[in-house]
Amino acid sequence: MTETKPNAPSRPLARSPRGFIDRRADALLAERSVVEKVLRVYESWDYERLETPSFEYADALGKFLPDQDRPNEGVFALEDDDGQWMSLRYDLTAPLARFAAQNWDSLPKPFRRCAAGPVWRNEKPGPGRYREFWQCDADCVGSARPEADAEAIAMGAAAVEAAGVPRGLYVVNVSNRKLLDGLLAKIGVDVADTATRLGVLRAVDKLDRLGPEGVELLLGAGRKDESGDFTKGAGLGSNAIAQVLAFTSTRKTTRLETLNALDAVVGDTELGAEGVAELGAIDATLRALAILEDRA
């Protein structure tokens, strides 16, 4: 008879944390090769490489966090020994904003930076959707000119082709936040109503994955997914939902046709008209440079 020792330590079950994966040499080498090719394109456009810490103070992530006292929804956060909350970065843009604010006086204007690295999001994982993944960014800080956006589009196209995707097999989607701000103003969502605004934006962002029917549910009371989990919606009324769905269907065959459709939906608002005009300036620059085909 075998005697069992009291309080004997049990062996932990070998398992990966939910939403995280192991990657072996072949995948790592392929990823590093693509990232390096993309970063070299960014550098050829005079973008400076920048590496920031994996952690940022939670207050630097600002309005994207729902609870400043315990900001662990959507991000992975911990409280430091000095009582300040730190969060693993959820993208590479928030650290750039902090760096630029901290060093603004010494930076060239505009400041062009590129970066690549892992980011973390405390969200429900799914097929192909992990809680840790890489981003490869390029941003121009300090210029509000539409030509700067056109430069980013042209550079992004060059980076995709350098990574091995030939022209004609990829699409660059371009928008302007003022379009959405104009739409929100038109349907009566107050600027201070952050929860509703984010609810609308998140619903629209899921159009490609869920289609108009899924977006309609998320704009209203909410949506239950295949697993039975319920996502609370933005709580809009039927008329507001119809206007948002009309906005999501403005994409036409060419960029010019799409601009005209957008103008018909949000051009009667100040911000919407500004957004349409800025997209028109980007389109004109791309046409002059013959960067991309005129397809919406």
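Quick look at the numbers
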| item | result |
| --- | --- |
| Karplus-derived 3J(HN,Hα), 6.51/-1.76/1.60, for each residue of region 140-156, Hz, glycine and proline x | 10, 10, x, 9, 9, 6, x, 4, 5, 5, 4, 4, 4, 5, 4, 5, x |
| At 1.002 mPa s and 20 °C, Stokes D of the chain from Kirkwood alpha-carbon radius, µm² per second | 96 µm²/s |
| Global geometry of region 164-296, whether rounded, prolate or oblate, following the gyration tensor of its Cα atoms and the 1.5 cut on a/c | oblate |
| P(r), alpha carbons of region 139-232 - 5 Å bins starting at zero, rounded % | 2, 10, 16, 15, 14, 15, 13, 10, 4, 0 |
| With eigenvalues of the C-alpha gyration tensor scaled by 5 and rooted, region 77-229, Å | 28, 24, 20 |
| Binned Cα-Cα distance frequencies in region 104-158 - 10 Å width, integer % | 19, 35, 29, 16, 1 |
| Accessible surface, the chain, averaged per residue in Å² (probe 1.4 Å) | 62 Å² |
| Relative contact order (%) - the chain, alpha-carbon pairs under 8 angstrom, separation at least six | 15 percent |
| Net charge of neighbours whose Cβ lies under 14 Å from the Cβ of Thr52, counting Lys and Arg as +1 and Asp and Glu as -1 | -2 |
| Violating pairs (Cα-Cα greater than 22 angstrom) within the set Lys37/Lys206; Lys186/Lys224; Lys124/Lys206; Lys178/Lys224; Lys178/Lys252; Lys206/Lys252 | Lys37/Lys206; Lys186/Lys224; Lys178/Lys224 |
| Protein accessible area in the chain, 1.4 Å probe - carbon and sulfur % | 52 percent |
| Karplus (6.51, -1.76, 1.60) ³J(HN,Hα), θ = phi - 60°, over region 178-189, in Hz, Gly and Pro reported as x | 5, 4, 5, 4, x, 4, 5, 5, 5, 8, x, 7 |
| Crossing angle, helix 255-266 versus the chain [Cα axis fit, 0-90 degrees, rounded to tens] | 80 degrees |
| Aspartates and glutamates with Cα under 16 Å of Lys109, excluding same-chain neighbours fewer than 8 positions away | Asp46, Glu48, Asp139, Glu147, Asp149, Glu151 |
| Highest average packing first - 166-175, 192-201, 146-155, Cβ atoms within 10 Å | 146-155, 192-201, 166-175 |
| Distance between region 241-282 and region 115-159 - C-alpha centres, whole angstrom | 24 Å |
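The values are calculated or read from the model by the stated rules, or taken from the named source; none is laboratory data. This structure is a prediction, so every number in the text was calculated from the model and none was measured. Note that each Cβ is placed from the backbone with ideal geometry, even for glycine, and that neighbours are counted across all protein chains shown. Please note that ligands, DNA and RNA were not included when accessible areas were found on the heavy atoms of the full protein model with its side chains. Shrake-Rupley method; radii C 1.70, N 1.55, O 1.52, S 1.80 Å.
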